[in-house]
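One structure is given here, and the rest of the page talks about it.
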Amino acid sequence: MSSVSVPPPKCLQKTFVAPRRHMFGPGPSNVPPRILAAGAEPVIGHMHPEMLEIMSDIKSGIQYAFQTENNMTIAVSGTGHTAMECAIFNAVEPGEGVLTAVNGIWGERAAEMAERIGAKVNSIVTTAGGYFTSEEIDQALAKHKPVLFFLTHGESSTGVVHPLDGIGDICHKHNCLFLVDCVASMGGAPLYMDKQGIDILYSGSQKVLNAPPGTAPISFSERACTYFLLLSMSFFLDMTWLANYWGCDGKPARIYHHTAPVSAFYALRESLAILAEQGLENSWQRHREVAEYLHEGVENMGLKLFVKDKNARLPTVTTIVAPPGYDWKEITSYIMKNHNLEISGGLGPSVGQVLRVGLMGGNSSKASVDMVLEALRDALRYCHKSKV
C-alpha cells in the first residue's frame, strides 16, 4: 500500500523535446550552439575557485559591454526585472523621491517598483514612439527634486532608442542618480556608461547576448555606491551581500549569500566572450545596418514604421504599425504556424498598435530580415482583411 496520495504525473512520463523556432520577437533570442554547449558543462560548486574565476570573467565582460571601469559590477541571479529591483531597492528609501521617464512599459514598471517600497514617485510621460528632450528632463528634475531618475535606453515596447548624452550631467546638477535600463539595447546600440555619466546601468542576458534568460548584468558608479542602504528592502538583492559574493568589496573572504545559477553563469560568460571577440563597435554597426535593411523592406511593402524619427529607432527591436484592416493576432499566429517564426504584437502602451520584430545578436543578419519580410508578405496575402 503506497503512502503517497498524489500519483506520479503522467505528463512527466513523456519525453519533452523543445521545438526549434526562429526567435525574431523582442526576446528571448535564439541561443547559438556555442552558448548552449557552455551551459551544458558539468556543474561545479557556486563557491569553488573555478566558479569565482568565471564570475571575475563575467565582471570584466560586463565592464566591456557597458564601457565602464566601475568596480561594483556584477550579474544578478534573475532576469532584467530583478536587476531593475536591485537598482531601486539599493538606492532609494521609503519617502524619497523617484522620477521615471515613461515612453513605454519599462518606465511604468520602474514607477510601480518604487511605489511598492514607499518612494514618492512622479513621472514624465510622452506618447508611445516618442522621447524626452534634455530641457524637459531638466525642468522635471528641478520641479520634483528626486534622488533617482529612471530612463529606458532601448524601449522594446515602442521601438525607441533614447538619446543619453548630457542627461547624466543634468541629473548630477540636481544631485540625482541616473538609472538606465539597457536590456534591449546593450550590444546593439552605442552606450558609454562612464562617459555618459550613468550611475546605475542594468541589462539582461537574453537579448543581444543570446544567452538564456535568467542573468542580469548591473553596474553601480562610485557615486551610486554611497547611496547603498544600511539595510536594503530585499535580502536577496542586497548589494552589500552581493558585493562580497562577487569580490567587489575588497574583503579577503567571500561569504555564502545564495546558490548562484552555475550553468547560467557559464552561458553568460560565453556570450560575453563572443561579444568581446566580435567587438562592440562592429556589433553596433551590424545591428544598425540590419535594422536599416529591415526598415527599407518594410516600407517597400507599403507598411509604416511606428517610430517616425529615424535617429530614434532602436536597432534591435523594430516596431511596425499594425496593418490597417488586419487582426495583428492573426498575423503573428499565421507566421508562427506557417513559418515557424516568432514576431509579436505590442506591449503596454503599444498593444494593438504595432508588430514587433527583434533581430538581436546572432539573429541580426540580412538573411533573418529576408525571412521576416517573406513571412509578412505571406501573412498579408492569406490573413483576413476587413473592408472597413
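Listed residues PHE132, PHE149; which is out of contact with any Phe, Trp or Tyr (no Cβ under 9 Å at 6 or more places or on another chain) and either at pLDDT 95 or above or among the hydroxyl-bearing types (Ser, Thr, Tyr) (or both)? Break it down stepwise before answering.
On the way: PHE149 fails: out of contact with any Phe, Trp or Tyr (no Cβ under 9 Å at 6 or more places or on another chain).
PHE132 is the lone residue from the list that is out of contact with any Phe, Trp or Tyr (no Cβ under 9 Å at 6 or more places or on another chain) and either at pLDDT 95 or above or among the hydroxyl-bearing types (Ser, Thr, Tyr) (or both).
I'd like the residue in the range 210-229 that is polar (S, T, N, Q) and crowded, with 20+ Cβ neighbours inside 10 Å and, out of all such residues, is farthest from PRO26 (Cα to Cα).
Taking the range 210-229 as the starting set, the residues that turn out to be polar (S, T, N, Q) are 210, 215, 219, 221, 226.
Imposing the further condition that a residue be crowded, with 20+ Cβ neighbours inside 10 Å reduces the set to 210, 215, 219, 221.
On the way: ASN210: 12, THR215: 17, SER219: 23, SER221: 29 Å.
Of everything passing the filter in the range 210-229, SER221 is farthest from PRO26 (Cα to Cα).
Quick check on the range 314-329. Is at least one of its residues in contact with a helix residue (DSSP H, G or I) (Cβ under 6 Å, 6 or more places away or on another chain), surrounded by fewer than 19 Cβ atoms within 10 Å (Cβ to Cβ) and not basic (Lys, Arg)?
no
Sort out for me the helices (runs of 4 or more DSSP H) sitting completely within the range 49-167 that have 1 or more residues that are open to solvent by 10 Å² or more (accessible area, probe 1.4 Å) and over 30 Å from ALA267 (Cα atoms). Give the derivation first.
On the way: elements: 49-66, 80-91, 105-116, 134-144.
Ranges flagged: 105-116, 134-144.
So for the range 139-148 (the condition being touching a His at 6+ places or on another chain (Cβ under 8 Å) and of a type in the set (A, V, I, L, M, F, W, C)), does at least one residue qualify?
yes
Restricting attention to the range 195-209, and to residues there that are open to solvent by less than 10 Å² (accessible area, probe 1.4 Å) and of a type in the set (Gly, Ala, Ser), which single residue is farthest from HIS153 (Cα to Cα)?
SER205
Which residues, taken from the range 328-387, are part of a loop (DSSP other than H, G, I, E, B) and within 23 Å of PRO212 (Cα to Cα)? Can you show your working first?
Going residue by residue through the range 328-387, those that are part of a loop (DSSP other than H, G, I, E, B) are 340, 343, 346-347, 351-353, 359-360, 364-365, 383-384, 386-387.
Answer for the range 328-387, where residues must be part of a loop (DSSP other than H, G, I, E, B) and within 23 Å of PRO212 (Cα to Cα): ASN340, ILE343, GLY346, LEU347, LEU359, MET360, SER364, SER365.
Test TYR192 against the criterion of being under 20 Å from GLY97 (Cα atoms), open to solvent by 40 Å² or more (accessible area, probe 1.4 Å) and assigned to a loop (DSSP other than H, G, I, E, B), and give yes or no.
Details: under 20 Å from GLY97 (Cα atoms): no; open to solvent by 40 Å² or more (accessible area, probe 1.4 Å): yes; assigned to a loop (DSSP other than H, G, I, E, B): yes.
Against the criterion (under 20 Å from GLY97 (Cα atoms), open to solvent by 40 Å² or more (accessible area, probe 1.4 Å) and assigned to a loop (DSSP other than H, G, I, E, B)), TYR192 does not qualify.
Name the pairs: first residue in the range 177-201 and at pLDDT 95 or above, second residue open to solvent by 10 Å² or more (accessible area, probe 1.4 Å) and part of a strand (DSSP E or B), Cβ to Cβ under 8 Å, at least 6 apart or on different chains?
SER185/VAL161; ALA189/VAL161
Please indicate, with yes or no, whether at least one residue in the range 252-263 is modelled with pLDDT of 95 or more, in a helix (DSSP H, G or I) and polar (S, T, N, Q).
Within the range 252-263, one or more residues are modelled with pLDDT of 95 or more, in a helix (DSSP H, G or I) and polar (S, T, N, Q).
Can you name every residue in the range 353-379 that is out of contact with any strand residue (DSSP E or B) (no Cβ under 7 Å at 6 or more places or on another chain), farther than 20 Å from ALA189 by Cβ and open to solvent by less than 50 Å² (accessible area, probe 1.4 Å)?
Of everything in the range 353-379, those that are out of contact with any strand residue (DSSP E or B) (no Cβ under 7 Å at 6 or more places or on another chain), farther than 20 Å from ALA189 by Cβ and open to solvent by less than 50 Å² (accessible area, probe 1.4 Å) turn out to be LEU373, LEU376, ASP378, ALA379.
Looking at the range 290-304 only, could you name the residues that are in contact (Cβ under 8 Å) with a residue 40 or more places away in the chain and either more than 15 Å from PRO323 (Cβ to Cβ) or under 21 Å from the mean Cα position of the chain (by Cα) (or both)?
If we filter the range 290-304 for residues that are in contact (Cβ under 8 Å) with a residue 40 or more places away in the chain, which is where we start, we get 290-291, 293-294, 297-298, 301, 303.
Those that are in contact (Cβ under 8 Å) with a residue 40 or more places away in the chain and either more than 15 Å from PRO323 (Cβ to Cβ) or under 21 Å from the mean Cα position of the chain (by Cα) (or both): VAL290, ALA291, TYR293, LEU294.
Take ARG34 and decide whether it is in contact (Cβ under 8 Å) with a residue 24 or more places away in the chain, surrounded by 14 or more Cβ atoms within 10 Å (Cβ to Cβ), under 26 Å from SER344 (Cα atoms) and among the basic types (Lys, Arg).
Values: in contact (Cβ under 8 Å) with a residue 24 or more places away in the chain: yes; surrounded by 14 or more Cβ atoms within 10 Å (Cβ to Cβ): yes; under 26 Å from SER344 (Cα atoms): no; among the basic types (Lys, Arg): yes.
Against the criterion (in contact (Cβ under 8 Å) with a residue 24 or more places away in the chain, surrounded by 14 or more Cβ atoms within 10 Å (Cβ to Cβ), under 26 Å from SER344 (Cα atoms) and among the basic types (Lys, Arg)), ARG34 does not qualify.
Is there a residue in the range 266-287 that is out of contact with any Pro (no Cβ under 7 Å at 6 or more places or on another chain), under 28 Å from VAL354 (Cβ atoms) and open to solvent by 30 Å² or more (accessible area, probe 1.4 Å)?
Yes: one or more hits.
Cβ-Cβ under 6 Å, sequence separation 6+ or interchain: first residue in the range 122-144 and hydroxyl-bearing (Ser, Thr, Tyr), partner assigned to a strand (DSSP E or B) and open to solvent by less than 40 Å² (accessible area, probe 1.4 Å). Which pairs?
Once the first residue is hydroxyl-bearing (Ser, Thr, Tyr) and sits in the range 122-144, its partners that are assigned to a strand (DSSP E or B) and open to solvent by less than 40 Å² (accessible area, probe 1.4 Å) give SER123/THR100; SER123/VAL102; TYR131/VAL160.
What residue, of THR100, THR79, THR73, is touching a Pro at 6+ places or on another chain (Cβ under 6 Å), modelled with pLDDT of 95 or more and not basic (Lys, Arg)?
Numbers: THR100 fails: touching a Pro at 6+ places or on another chain (Cβ under 6 Å); THR73 fails: touching a Pro at 6+ places or on another chain (Cβ under 6 Å).
Only one candidate passes the filter, namely THR79.
Can you find a residue in the range 53-69 that is over 26 Å from GLY361 (Cα atoms), assigned by TED's automatic domain parsing to the domain that holds LYS207, modelled with pLDDT of 95 or more and not hydroxyl-bearing (Ser, Thr, Tyr)? Break it down into steps so the answer makes sense when it comes.
Within the range 53-69, the first condition is being over 26 Å from GLY361 (Cα atoms), and the residues that meet it are none.
Looking through the range 53-69, none of the residues is over 26 Å from GLY361 (Cα atoms), assigned by TED's automatic domain parsing to the domain that holds LYS207, modelled with pLDDT of 95 or more and not hydroxyl-bearing (Ser, Thr, Tyr).
The values are calculated or read from the model by the stated rules, or taken from the named source; none is laboratory data. Only a predicted model underlies this, so the values are computations on that prediction, with no experimental measurement involved. All Cβ positions, glycine included, derive from the backbone under ideal geometry; neighbour counts span all protein chains shown. Heavy atoms of the whole protein, side chains included, go into the accessibility calculation; ligands, DNA and RNA do not. Shrake-Rupley method; radii C 1.70, N 1.55, O 1.52, S 1.80 Å.
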